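The values are calculated or read from the model by the stated rules, or taken from the named source; none is laboratory data. Every value quoted in this text rests on a predicted model; they were computed, and no experiment measured them. Note: ideal-geometry Cβ built from the backbone for every residue, glycine included; neighbour counts use all protein chains shown.
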Amino acid sequence: MPYIDVRDVCVRHGKNETLRQAGFDAERGEIVSFIGPSGSGKTTFLRTLIGLQPVWRGQMGVDGRIVDMAAPASARILREQAAIVFQQYGLFGHMSVLRNLTLAPTVVAKRSRRDAEHEARALLERLGLANKADVLPADLSGGQKQRVAIARALMLRPTLLLLDEPTSALDPHKVRDVGVLLRDLAQDGMTIVQVSHAMNVVSSLSDRIVLLEDGQVRAVGKGRGCAAQLPDIAAFMNTHGGDAAADPAGLRPDPDH
Amino acid sequence: MIAFSHYDIALLFQAMVRTVELSLGGGVLGIAGAIILTALRLSDMRGMLPLRILAVVYVQTIRRIPFIVTLYIVFFCAGMMGLDVSATVVAIGSIGLIAAAYLCEILHGGVKTVPVEQVEAALVLNLPLWARWRYVIGPQAMSAVVPPAIGYLVLFIKDTALASQIGVVELSQAGVILSNRGLPSAQVFCMVLLLYFAISYPLTCLSRLLEKRIAVH
Amino acid sequence: MTGLDFHPVFTRLLFLLGGVGVTVLIAGLAFVFGLLLAVGLAVLRFENQGTWRRLSRSYSTALTNTPQLSQIFAVFYCLPLMGVMVSPFLSVVIGMTLNAAAYLADILGAGMARVPAVYHEVALTLGLNRRQTYLRVILPYAGRTMFPALANHFQIMILGSAMASIFGVEDLTGRAYDIGSTTFRVLEVMLVTGGLYALLSFALTGVFSLFRRTMERMV
Ligand SMILES: Nc1ncnc2c1ncn2[C@@H]1O[C@H](COP(=O)(O)OP(=O)(O)OP(=O)(O)O)[C@@H](O)[C@H]1O
Ligand SMILES: [Mg+2]
């Protein structure tokens, strides 16, 4: 049984069916990418996975445990497993970077402040933000904000990490850095689901690609290099500024960096 | 309600007219004063510098003095100078003095929101002073001026109740008189509050509406 | 026109200055209690759709569209009718608290509406409950954006507290009136009083901007 197994998710906005029987699955440590035209329901689908979007129907298996996504209690269960990085990051502007990271561990998980700060500093160090701990989010660059947002999510120790367009606000150089980071996290066993418009990232990074169209899953590609194999996905990617057959080597660190 | 006689109603009505008079008169004086003060503050002629400073000091200081204190000062000043004016005129004058300062602050702030490039663009088009104000600065400043100005006037309508302290029979004073005549004070009180509400609320709505309109643009 | 004679006022300056403390006390108490009430009103407005929200809104609408003077009068006359005997000082503080709550709830409500919507969702996904979300995220964030409006309203309350004199409270204006009626130098004492209010207000402006700057540096 796959680690994540989402089935039959239906979302309605009034009369509109924003998602129709959408589903996908993923093994532990895989990177899944949602792609599709604007308005196809990618963000909505991602939000259902952490109980931010009420669903009409749907079920989600996590590690063999089945959750009825339409049940009111599902949100709490989903959030025990998952963390999300919002497209606009949503860093709390009135708190230092460090406090953004330690807020949930201290007030929700009731861990000691020292312990949480220790972990947070280590995490910031790993993401190359060691000197930014006491800075306010407003004083960070876009790429730094995003890494802080990822760090804050990681502080929840999720097994499932969700990201909505993590690379949309970054320059190509930073895009690759994020790719490397996500790959690292996946290698440590974290399952990652991202929405992305950057097709070269998608093709070089994804273990699975889910093509959404008009609220439905049009195609699912599995395995590295799957982008080039499925005609639907390849066609979409080629028309959206990406190369379906992009070399995963694009992720290799820049020699002159 | 039956307890109110014809005379009581007449008194209330007159008092309400007086309250409107105070607000309107003070408002008009205030607008006139504010335009003069703002013109002084914006003038860049060298000889005007002392007047500019005076205008700023006036605006900054008078807004920090309670209405009731200003009212007493104007009232006793008029008395000392031997001016034979009614309490109503004193109250309208005081309101005008204060409103001028507040409205000047709003007007000045509004003009400052117009981007410098706009003014410069008007200058390089060789528009004369009046045309710069009429077509470029005025319309753009308006959106930042009108809603807060109305909002301020609404605030002030309620402060006119303090004019009762120098003997103006305005709405709140009429309430006191009526309840001294032996009318049920709770009813009188509610009546007075309702009348204030009836004057103030439509203006509050207008100010909000304009604010929203402008926010949309 | 007879000349101004400030001498009788200056001999009583200490007494007058004592009134500054009373003025600040009245405005301060009403502000603090008003703010507490306002937090409740604003959260009520923000969290609910139906009756509660409408009630909270109506409270602000009613009290911001009628004179504070009349509201204090209502407290002054109604509490004794209900069998509660309170001093004029307390009546004024209660009246001003109720009035302040109405305005402050509007300020808080507007400030909370400006908190980015995503903060609510972030708080949810971080596992914060409602209370934690408000206490840790919404109110502190909104508090910074609202600080100028709150400080401004406190200044308005300092000015408004002059109404206390009408009820016989010995605040700055009340003491000024006392001095005026014993020395018959009303104009002089009122001029000095006006100056004291202006000084107090300038001082408060300074304190607020200092407070703001240290706050910003602290985090
Ligand atoms: N709260 C809402 N109310 C009504 N309709 C909504 C709501 N949220 C989303 N929708 C609709 O659902 C559809 C999918 O939206 P969604 O944001 O998931 O698209 P997306 O694939 O993420 O698009 P994009 O690439 O532009 O971010 C859209 O047609 C949108 O109009
Ligand atoms: Mg989206």
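Taking the numbered list (1) surrounded by fewer than 23 Cβ atoms within 10 Å (Cβ to Cβ); (2) more than 13 Å from every other protein chain (Cβ to nearest Cβ); (3) part of a helix (DSSP H, G or I) in turn, residue B:44 passes all entries but (3). Of everything listed in (1) surrounded by fewer than 22 Cβ atoms within 10 Å (Cβ to Cβ); (2) within 15 Å of ligand 1 (Cβ to nearest atom), the single unmet condition for residue A:45 is (1).
For region A:231-249, what are the residues that are in a loop (DSSP other than H, G, I, E, B) and at pLDDT 75 or above? I'd like the intermediate steps shown before the answer.
Narrowing region A:231-249 to residues in a loop (DSSP other than H, G, I, E, B): A:240-247.
Across region A:231-249, the qualifying residue is only A:240.
Within region A:69-91, is there a residue that is of a type in the set (Gly, Ala, Ser), assigned to a helix (DSSP H, G or I) and away from ligand 2 (no atom under 16 Å from the Cβ)?
Yes, that holds for at least one residue.
Taken together, A:134, A:177 contain a single residue that is out of contact with any His (no Cβ under 7 Å at 6 or more places or on another chain), under 19 Å from residue A:88 (Cα atoms) and either at pLDDT below 90 or charged (D, E, K, R) (or both), which is A:177. If you go through region B:164-183 and keep only what is surrounded by 22 or more Cβ atoms within 10 Å (Cβ to Cβ) and either assigned to a loop (DSSP other than H, G, I, E, B) or within 9 Å of chain C (Cβ to nearest Cβ) (or both), you end up with B:164, B:168, B:170, B:171, B:172, B:175. For region A:187-231, the set of residues classified as within 17 Å of residue A:2 (Cα to Cα), more than 16 Å from ligand 1 (Cβ to nearest atom) and surrounded by 19 or more Cβ atoms within 10 Å (Cβ to Cβ) consists of A:190, A:191, A:192, A:206, A:207, A:208, A:221, listed by residue number.
This table checks each residue for (1) of a type in the set (Gly, Ala, Ser); (2) touching a strand residue (DSSP E or B) at 6+ places or on another chain (Cβ under 9 Å); (3) surrounded by fewer than 17 Cβ atoms within 10 Å (Cβ to Cβ); (4) more than 12 Å from every other protein chain (Cβ to nearest Cβ).
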site	(1), (2), (3), (4)
C:48	no, no, yes, yes
C:54	no, no, yes, yes
C:58	yes, no, yes, no
C:64	no, no, no, no
C:83	yes, no, yes, yes
C:86	no, no, yes, yes
C:97	no, no, no, yes
C:103	no, no, no, no
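If you check B:186, B:161, which single one turns out to be assigned to a helix (DSSP H, G or I), within 10 Å of chain C (Cβ to nearest Cβ) and surrounded by fewer than 19 Cβ atoms within 10 Å (Cβ to Cβ)? Of the residues listed, the single one that is assigned to a helix (DSSP H, G or I), within 10 Å of chain C (Cβ to nearest Cβ) and surrounded by fewer than 19 Cβ atoms within 10 Å (Cβ to Cβ) is B:186. Note on region A:159-173: among residues that are of a type in the set (A, V, I, L, M) and more than 12 Å from chain C (Cβ to nearest Cβ), the one that is farthest from ligand 1 (Cβ to nearest atom) is A:170. Scanning region C:165-200 for residues that are polar (S, T, N, Q) and surrounded by fewer than 20 Cβ atoms within 10 Å (Cβ to Cβ) gives C:181, C:182, C:183.
Within region C:183-206, the set of residues being part of a helix (DSSP H, G or I), within 18 Å of residue B:166 (Cα to Cα) and more than 8 Å from chain B (Cβ to nearest Cβ) comprises C:188, C:189.
Of the residues making up region A:152-174, those that are buried (at least 20 other Cβ atoms within 10 Å of the Cβ) and in a helix (DSSP H, G or I) are A:152, A:153, A:154. In the set (1) within 21 Å of residue A:240 (Cα to Cα); (2) within 16 Å of ligand 2 (Cβ to nearest atom), residue A:31 fails one condition alone, (2). For residue B:178, are the conditions met, namely being modelled with pLDDT of 85 or more and closer than 21 Å to residue B:23 by Cα? So residue B:178 fails the test. Of the residues making up region C:66-78, those that are more than 7 Å from every other protein chain (Cβ to nearest Cβ) and either among the β-branched types (Val, Ile, Thr) or in a loop (DSSP other than H, G, I, E, B) (or both) are C:72, C:75.
Would you point out the residue of region A:38-57, among those that are outside any loop (DSSP other than H, G, I, E, B), more than 14 Å from chain C (Cβ to nearest Cβ) and under 18 Å from residue A:213 (Cα atoms), that is farthest from ligand 2 (Cβ to nearest atom)? Filtering region A:38-57 for residues that are outside any loop (DSSP other than H, G, I, E, B), more than 14 Å from chain C (Cβ to nearest Cβ) and under 18 Å from residue A:213 (Cα atoms), the one farthest from ligand 2 (Cβ to nearest atom) comes out as A:45. The conditions of being away from ligand 2 (no atom under 16 Å from the Cβ) and either within 14 Å of chain C (Cβ to nearest Cβ) or of a type in the set (Val, Ile, Thr) (or both) are met by residue A:104. For region A:175-212, a tally of residues being within 16 Å of ligand 2 (Cβ to nearest atom), outside any helix (DSSP H, G or I) and out of contact with any Gly (no Cβ under 6 Å at 6 or more places or on another chain) returns 7. Would you check if residue A:81 is within 22 Å of the chain's Cα centre (by Cα), within 12 Å of chain C (Cβ to nearest Cβ) and farther than 14 Å from residue C:122 by Cβ? The answer is yes for residue A:81.
Return yes when residue A:138 is over 18 Å from residue C:128 (Cα atoms), more than 22 Å from the chain's Cα centre (by Cα) and in a helix (DSSP H, G or I) and no when it is not. Write out each step before concluding.
Working: over 18 Å from residue C:128 (Cα atoms): yes; more than 22 Å from the chain's Cα centre (by Cα): yes; in a helix (DSSP H, G or I): yes.
Judged against the criteria, residue A:138 is a match.
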